[in-house]
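All remarks here apply to the structure that follows.
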Amino acid sequence: MGGYELVRSDDAAAAGPPDLELGGSGSGNGGGVSAKSRPPSSPPSQGGARQRLVSLDVFRGITVLLMIIVDDAGAFLPALNHSPWDGVTIADFVMPFFLFMVGISLTLAYKRVPDKLEATKKAVLRALKLFCLGLVLQGGFFHGVRSLTFGVDITKIRLMGILQRIAIAYLLAAICEIWLKGDDDVDCGLDVIRRYRYQLVVALLLSTMYTVILNGVYVPDWEYQISGPGSTEKSFSVRCGVRGDTGPACNAVGMLDRTILGIDHLYRRPQCSINYPQNGPLPPDAPSWCQAPFDPEGLLSSVMAIVTCLIGLQFGHIIIHFEKHKGRIINWLIPSFSMLALAFSMDFIGIRMNKPLYTISYALATSGAAGLLFAGIYTLVDVYGFRKLTIPMEWMGKHALMIYVLVACNILPIFIHGFYWREPKNNLLKFIGVGA
């Protein structure tokens, strides 16, 4: 997306004890400043690079590290793995955190948009590049860490995935940030809501559409086939005939993906293996839907992913319109705690937190947690100046996509496995004692 410009943070480590009444971009007279009366921030000097919001890089780096830990340790520590269905574990916060940060980054990147059409064109191209990268990395082109083969049947390529979802959310959020801005003065938190009310209307409409489809669309009985031993086709029939079901078999999220994308283009892994979500044997009483393809990054669930990105936009607006640290932190904490309270209330009355479906309660809970964590990191890094301990996280945050491609998508392990002595099992990893 390119470097985003920072509304500058205090160099607290050198300046002594921080003052929460001091701001990040200069001295202001209030917690917020009028969007009309305040002159635009001066552009960076021609000889220097744009300053970055360090806390955002650190937040992104922590999330990347969490993603790596979850991928590698999830099989040994179930608490770190994704929740099988309802409920939330640590692993279930990774994707929403990335989407939340995309929203904040977009706010800073599109702080000034002199040419809206040109900015929209660039946003579309970036989203398309990210989507295509996701197709290559998660569409089935690479066949696994220990399989030194590649290639994918286009008729069975997985169409959705993590990067594809981020690309869709990025594009919709970017369009909203480019085109749906008001010109109201901003002097308090409510003024931010008023200025960006059209973006909030979009988020409300998307949430309403998701709720109506999830609870109102009729899901009929359906069938699927999988390849058995000897290339034989094995057929399964799943009985549904319901509306509003949020279980694994008969939900509208899976039905829409099977209808629009096609069942051959969905994520293929048994949903109820003994050590799910890792591959493993099926239980003796496995239901008929257990081996059916289901995409946790499907179409309808990505609607709420867009909402998470739009929430991140609003947190970014606080940085733009509030110069004082205290004003920023307060206006982050209030909506964060409010979203968490609403999410737990919804979960209590039966609207369960669910990552595969990306329910509204899940979106609110993860966004609220992201807001609290970001406010805490901002306080430590940009206000109090604790930089030394966060330098590794800052570096990982600046190179998040590269790390994701090389490590999380197993490109680096596949590359290393490709160099071996006489037999594939005698590879470099075995030589240095990591394992075959």
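The values are calculated or read from the model by the stated rules, or taken from the named source; none is laboratory data. These numbers come from a predicted model, not from an experiment. No Cβ is skipped: glycine too gets one built from the backbone with ideal geometry, and neighbour counts run over all protein chains shown. Just so you know, the surface numbers come from the protein's heavy atoms only, side chains and all, with ligands and any DNA or RNA stripped out. Shrake-Rupley method; radii C 1.70, N 1.55, O 1.52, S 1.80 Å.
Summary of computed values
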| read-out | value |
| --- | --- |
| Solvent-accessible area per residue, Å², over the range 127-171 with all protein chains present [probe radius 1.4 Å] | 50 Å² |
| Accessible-area composition of the range 103-252, carbon plus sulfur, in percent [1.4 Å probe] | 63 percent |
| Rounded to whole Hz, the Karplus (6.51, -1.76, 1.60) HN-Hα couplings of the range 319-334, x for glycine and proline | 5, 5, 9, 10, 8, 8, 4, 4, x, 5, 5, 4, 6, 8, 5, 4 |
| Greater than 32 Å apart at Cα, pairs in LYS181/LYS326; LYS181/LYS388; LYS326/LYS388; LYS324/LYS355; LYS116/LYS398; LYS156/LYS398 | LYS181/LYS388; LYS324/LYS355; LYS156/LYS398 |
| ARG52, ARG328, ranked by accessible area, largest first (probe 1.4 Å) | ARG52, ARG328 |
| Nonlocal amide H pairs with VAL242, under 5 Å, H built at 1.01 Å | VAL219 |
| Chymotrypsin sites (Phe, Trp or Tyr not before Pro) within the range 75-150: DSSP coil, no more than 12 neighbouring Cβ in 10 Å | PHE76 |
| Surface per residue (accessible, 1.4 Å probe) for the range 316-408, Å² | 41 Å² |
| Viscosity 1.306 mPa s, temperature 10 °C, Stokes-Einstein D of the range 360-435 from Kirkwood C-alpha radius, µm²/s | 100 µm²/s |
| Accessible surface of the range 309-436, 1.4 Å probe, proportion on carbon and sulfur as whole % | 73 percent |
| Nonlocal amide H pairs with LEU159, under 5 Å, H built at 1.01 Å | none |
